[in-house]
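Engineer: Questions regarding the structure given below will be posed in turn.
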């Protein structure tokens, strides 16, 4: 069964938080808008980069962004550049291959809320970092661990992990860019 595409995230949902976290950036100044987007969408860009590096899905062809997606997968384009130039900072699981799409629907966009929880717990929801500030290899290890949980037990395992993480507050290892959280 093919996993349906879901809208996972949209930078517009995070602009106000990023503006609050970056008081030196004037939202009325057009020159600061790209920097606000970079902070508001860092978590989106990282997941897009991770997912596109695993394989592409039907929306890549539908949107005509195959060349850019291949550059992201090859490390020649950042997730932020892809999201800004090709996806209007809107993340859909249909950008990813079938397994990654099913995983993203459960981990990022599903009832578990585990990806947003991982990110919010790790950065205290402060939007003070950008994709370039994060070690992508560290980030990939965290998401790969969640993917292994998904492979072992499906969406139900991800939902259970999300519930347990929220209940007991165990963040586990986090990428260095996300701060010294335990």
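Engineer: Restricting attention to region 73-101, which residues are over 17 Å from residue 58 (Cβ atoms) and part of a helix (DSSP H, G or I)?
Structural biologist: Once the filter is applied, which keeps residues that are over 17 Å from residue 58 (Cβ atoms) and part of a helix (DSSP H, G or I), region 73-101 yields 79, 80, 81, 83, 84, 85.
Engineer: Something else: For residues that are touching a strand residue (DSSP E or B) at 6+ places or on another chain (Cβ under 9 Å) and surrounded by fewer than 23 Cβ atoms within 10 Å (Cβ to Cβ), scanning just region 108-131, find the one that is modelled with the highest pLDDT.
Structural biologist: Ranking the qualifying residues of region 108-131, first place goes to 116.
Engineer: Which of the residues spanning region 49-69 are farther than 14 Å from residue 139 by Cβ and within 18 Å of the chain's Cα centre (by Cα)?
Structural biologist: Once the filter is applied, which keeps residues that are farther than 14 Å from residue 139 by Cβ and within 18 Å of the chain's Cα centre (by Cα), region 49-69 yields 55, 56, 57, 59, 60, 68, 69.
Engineer: Right, next: For residues that are in contact with a helix residue (DSSP H, G or I) (Cβ under 9 Å, 6 or more places away or on another chain) and part of a loop (DSSP other than H, G, I, E, B), scanning just region 7-37, find the one that is surrounded by the fewest Cβ atoms within 10 Å (Cβ to Cβ).
Structural biologist: Ranking the qualifying residues of region 7-37, first place goes to 24.
Engineer: Which residue, of 40, 4, is in contact with a helix residue (DSSP H, G or I) (Cβ under 8 Å, 6 or more places away or on another chain) and over 21 Å from residue 79 (Cα atoms)?
Structural biologist: 4
Engineer: I would also like to ask the following. Could you list, in sequence order, the residues of region 57-70 that are surrounded by 14 or more Cβ atoms within 10 Å (Cβ to Cβ) and either in contact with a helix residue (DSSP H, G or I) (Cβ under 8 Å, 6 or more places away or on another chain) or closer than 19 Å to residue 10 by Cβ (or both)?
Structural biologist: Of everything in region 57-70, those that are surrounded by 14 or more Cβ atoms within 10 Å (Cβ to Cβ) and either in contact with a helix residue (DSSP H, G or I) (Cβ under 8 Å, 6 or more places away or on another chain) or closer than 19 Å to residue 10 by Cβ (or both) turn out to be 57, 58, 59, 60, 63, 65, 68, 69.
Engineer: Look through 83, 77 and report the one residue that is farther than 16 Å from residue 143 by Cα, modelled with pLDDT of 90 or more, surrounded by 22 or more Cβ atoms within 10 Å (Cβ to Cβ) and out of contact with any strand residue (DSSP E or B) (no Cβ under 6 Å at 6 or more places or on another chain).
Structural biologist: So the residue among 83, 77 that is farther than 16 Å from residue 143 by Cα, modelled with pLDDT of 90 or more, surrounded by 22 or more Cβ atoms within 10 Å (Cβ to Cβ) and out of contact with any strand residue (DSSP E or B) (no Cβ under 6 Å at 6 or more places or on another chain) is 83.
Engineer: Let me ask another. Out of 32, 56, report the one residue that is farther than 16 Å from residue 135 by Cα and touching a strand residue (DSSP E or B) at 6+ places or on another chain (Cβ under 8 Å).
Structural biologist: 56
The values are calculated or read from the model by the stated rules, or taken from the named source; none is laboratory data. Treat the numbers as computed from the prediction; the structure is a model and nothing was measured. When we count neighbours, we look across all protein chains shown, and the Cβ atoms used for this are built from the backbone with ideal geometry, even at glycine.
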